[in-house]
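Since the structure comes first, as structure tokens, the remarks are kept for the end.
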Amino acid sequence: MTIWRSLRLFKRTKALEIDVDDYLDKLAQSALAFQLAVQIYLHDGRTGEFEEKLQQVNELESSADRLRRSIEAQLYSQMLIPDSRGDVLGLLENLDSIVNVIEGTLWNFSIETPDIPADIRNDFQTLTDRAILAVEALVAASRAFFRNIELVPDHMHKVMFYEKEADKVSTKLKRTIFAMDLPLSHKAHLRYFAEQIDNIADRSEDVADRLAIYTIKRKG
């Protein structure tokens with residue numbers, strides 16, 4: 001029995017199907033809130049509006065954690081898809097790491113309040129946009145894994161594309177930073193935040209690599 005047919009067992013427990021969809025929604029919403037938070041920070045600094053977005057991401061992360069635990073409990077207690085349960089749980093745990101990176105990066109912005117020169121703010125925004133596009137493509141690939149496995153590759157290649165684009169922007173940005181007339185400590189601080197944002201795209205690619213393995217196993 002394929003995992004797709006097994007996952008259709010969710011119709012016996014609609015709550016589980018809803019939880020999986022909600023979990024992916026929370027990841028996508030976290031990414032979008034992060035994108036808006038960075039945009040706010042680049043324009044206005046650590047404002048009340050920025051802190052509201054941080055709080056929104058905190059709440060989404062907590063909600064995603066609860067959903068993941070609920071899904072885990074249901075998969076084990078109801079003995080659903082026993083042959084593929086480990087892959088499903090592994091995918092959810094890997095996706096959870098992205099939510100954690102998103103939340104942690106925003107906390108770092110709030111705590112450390114990096115002084116980002118106007119000349120490179122557009123580059124920081126572009127880097128953020130590319131990273132979030134990678135997350136969105138990963139969410140789409142993950143939905144396809146549960147709903148229509150044949151569509152997974154259509155989204156996977158986008159994750160890889162946007163990760164590479166984020167790397168290009170990150171490299172260019174770091175070269176620009178270290179060519180600026182700034183104290184070395186300031187340059188290092190700016191580089192750190194560029195790498196934090198780029199890490200969101202990197203983690204998305206890492207999870208996509210795992211998803212590719214799960215997909216091969218499922219189709220086999």
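The values are calculated or read from the model by the stated rules, or taken from the named source; none is laboratory data. Fair warning: this is a prediction, and the values are worked out from it, not measured in the lab. A quick note on method: Cβ atoms are made from the backbone with ideal geometry, for glycine too, and the neighbour counts reach across all protein chains shown.
Summary of values
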{"item": "Any hit, the range 150-171, residues being at pLDDT below 95 and touching a Ser or Thr at 6+ places or on another chain (Cβ under 6 Å)", "result": "yes"}
{"item": "Residue match in the range 90-113 (condition: free of Cβ contacts under 8 Å to residues at least 40 places away in the same chain, buried (at least 17 other Cβ atoms within 10 Å of the Cβ) and part of a helix (DSSP H, G or I))", "result": "yes"}
{"item": "Any hit, the range 64-86, residues being among the acidic types (Asp, Glu) and at pLDDT 95 or above", "result": "no"}
{"item": "Conditions (1) surrounded by 15 or more Cβ atoms within 10 Å (Cβ to Cβ); (2) part of a helix (DSSP H, G or I); (3) modelled with pLDDT of 95 or more: number failed by ALA188", "result": "(1)"}
{"item": "Test: residue in the range 119-132 that is loosely packed, with under 15 Cβ neighbours inside 10 Å and of a type outside the set (Lys, Arg)", "result": "yes"}
